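Report on the structure given below.
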Amino acid sequence: MRLVIKKARIIDPFTGMDEVGDVFIEEGVIRGIEKNIEVKGNEVIEAEGLWLMPGLFDMHVHLRDP
């Protein structure tokens, strides 16, 4: 499966990236991050106004037995 996420605000604290761009994903692997990726037969998600970042989790969660 080939997927392009268009015009998302890409935030990656590890690399310091914080910019608007496109992400190309093929077979579940990120293959490219660019300002404008040409779409040819790929599934497209329009993400203008949305944020795209690594998974977040709650560091203050309490895991207890009931």
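The values are calculated or read from the model by the stated rules, or taken from the named source; none is laboratory data. Please read all numbers here as calculations on a predicted model, not as lab measurements. With ideal geometry, Cβ positions are generated from the backbone for all residues, glycine too; neighbour counts draw on all protein chains shown. Just the protein is used for accessible areas: all its heavy atoms, side chains included, with ligands, DNA and RNA removed. Shrake-Rupley method; radii C 1.70, N 1.55, O 1.52, S 1.80 Å.
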Check: Across segment 51-66, which residue is farthest from the chain's Cα centre (by Cα) among those that are open to solvent by less than 100 Å² (accessible area, probe 1.4 Å) and in contact (Cβ under 8 Å) with a residue 12 or more places away in the chain?
Finding: Pro54
Check: What's the number of the condition Glu38 fails, among (1) part of a loop (DSSP other than H, G, I, E, B); (2) touching a residue at least 24 places away in the same chain (Cβ under 8 Å); (3) closer than 17 Å to Leu3 by Cα?
Finding: (2)
Notebook entry, point to check: What is the residue count in segment 41-66 for residues that are in contact with a strand residue (DSSP E or B) (Cβ under 8 Å, 6 or more places away or on another chain) and either within 22 Å of Arg2 (Cβ to Cβ) or acidic (Asp, Glu) (or both)?
Noted result: 12
Checklist line | segment 13-30: number of residues that are more than 21 Å from Val44 (Cα to Cα) and open to solvent by less than 80 Å² (accessible area, probe 1.4 Å) | finding: 2
